[in-house]
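Some notes on the structure that comes next.
The values are calculated or read from the model by the stated rules, or taken from the named source; none is laboratory data. A quick note: this is a predicted structure, and the numbers were derived from the prediction, not measured. Quick reminder, even Gly has a Cβ in these numbers, built from the backbone with ideal geometry, and neighbours come from all protein chains shown.
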Amino acid sequence: MTIYGKVWLVGAGPGAADLITVRGARLLAEAEVVLYDALVTEDMLALCPQAVLIAVGKRCGLRSMAQPIINQQIIDAAAKYRRVVRLKGGDPMLFGRADEELRAIESHGIECAVVPGITAALAAAASSKQPLTRRGIARSVAFFTSSTAPDMPDQTTLPACDTLVQYMGGREAVKTARNLLALGHPPDTPVIVVENCSRADEHIYRLPLSQLEDGLAKCSGPVLMMIGAAMAAREV
């Protein structure tokens, strides 16, 4: 009978090492092994110098490790170590494939816990100093992504909400803009694009929806897009 250690799914936050939670940093310092995403920075990994590091990263649009293999590596690590951290970018429970990993962990009777992280949408709003909600203008927010499971077609419908936040939206920018314009959104609808959110090489771009239709060729890093009237520049 295999005796397993405990697994923690820890949110690394948007990128900057000092934006991880205190609990997450403590668990990294105590971990025996850390299985980490591709977007986790070297500064973040410096918080766990004692741990065995296993890269299990996935990057949108790039060849990467299949999710079932990642699941099995987590199980194998729990069979070998007592304290296992699965370090996931952002928050594990939002576009982090936590459901698949939790299912695999629980199917083996392994004890597990989840530590939340600052999701990219909130970090991007903070970096741009642009609230996602504004009294009298926007009281609802939708987080969405177009990517789906490998055997399913990409999602093309868009949520109906005052403020839209698209994760992993760089490659989908043109399609998103055209869909929104076709739905009747004004061409001058404000858009904020945040590339490499919270990192030293972060870039913030402000443009109208009509320009988003031209794409984001200037962006090479991970992109998050915030769209809606709440993104308009504040009048001073």
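Numerical summary
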| quantity | calculated |
| --- | --- |
| Filter pass, Q155 being at pLDDT below 90 and not aliphatic (A, V, I, L, M) | yes |
| Filter result for the condition that a residue is under 30 Å from T2 (Cβ atoms) and at pLDDT below 95, over A160, A173, A149, A113 | A149 |
| Residue check, G57 outside the structural domain of S220 (by TED's automatic domain parsing), of a type in the set (G, A, S), in a loop (DSSP other than H, G, I, E, B) and more than 20 Å from E202 (Cα to Cα) | yes |
| Among the candidates A78, A126, A25, residue that is outside any loop (DSSP other than H, G, I, E, B), modelled with pLDDT of 95 or more, closer than 30 Å to A230 by Cα and more than 14 Å from the chain's Cα centre (by Cα) | A126 |
| Conditions (1) loosely packed, with under 15 Cβ neighbours inside 10 Å; (2) of a type in the set (A, V, I, L, M); (3) part of a strand (DSSP E or B): number failed by I69 | (3) |
| Hey, L9 at pLDDT 95 or above and more than 26 Å from S146 (Cβ to Cβ) or not | no |
| Where A98 falls short, out of the listed (1) surrounded by 17 or more Cβ atoms within 10 Å (Cβ to Cβ); (2) among the small types (G, A, S); (3) closer than 27 Å to A121 by Cβ; (4) in contact with an Asp or Glu (Cβ under 7 Å, 6 or more places away or on another chain) | (4) |
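Listed here are the residues, each with its yes/no results for (1) without any contact (Cβ under 8 Å) to a residue 40 or more places away in the chain; (2) aliphatic (A, V, I, L, M); (3) farther than 30 Å from D18 by Cα; (4) not in a loop (DSSP other than H, G, I, E, B).
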position: G136; (1), (2), (3), (4): yes, no, yes, no
position: A142; (1), (2), (3), (4): yes, yes, no, yes
position: L164; (1), (2), (3), (4): no, yes, no, yes
position: R171; (1), (2), (3), (4): no, no, no, no
position: D188; (1), (2), (3), (4): yes, no, yes, no
position: C197; (1), (2), (3), (4): no, no, no, no
position: S210; (1), (2), (3), (4): yes, no, yes, yes
position: G215; (1), (2), (3), (4): no, no, yes, no
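Matching residues to (1) in contact with a helix residue (DSSP H, G or I) (Cβ under 9 Å, 6 or more places away or on another chain); (2) not in a loop (DSSP other than H, G, I, E, B):
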{"residue": "N179", "(1), (2)": "no, yes"}
{"residue": "G184", "(1), (2)": "no, no"}
{"residue": "A200", "(1), (2)": "no, no"}
{"residue": "I204", "(1), (2)": "yes, yes"}
{"residue": "K218", "(1), (2)": "no, no"}
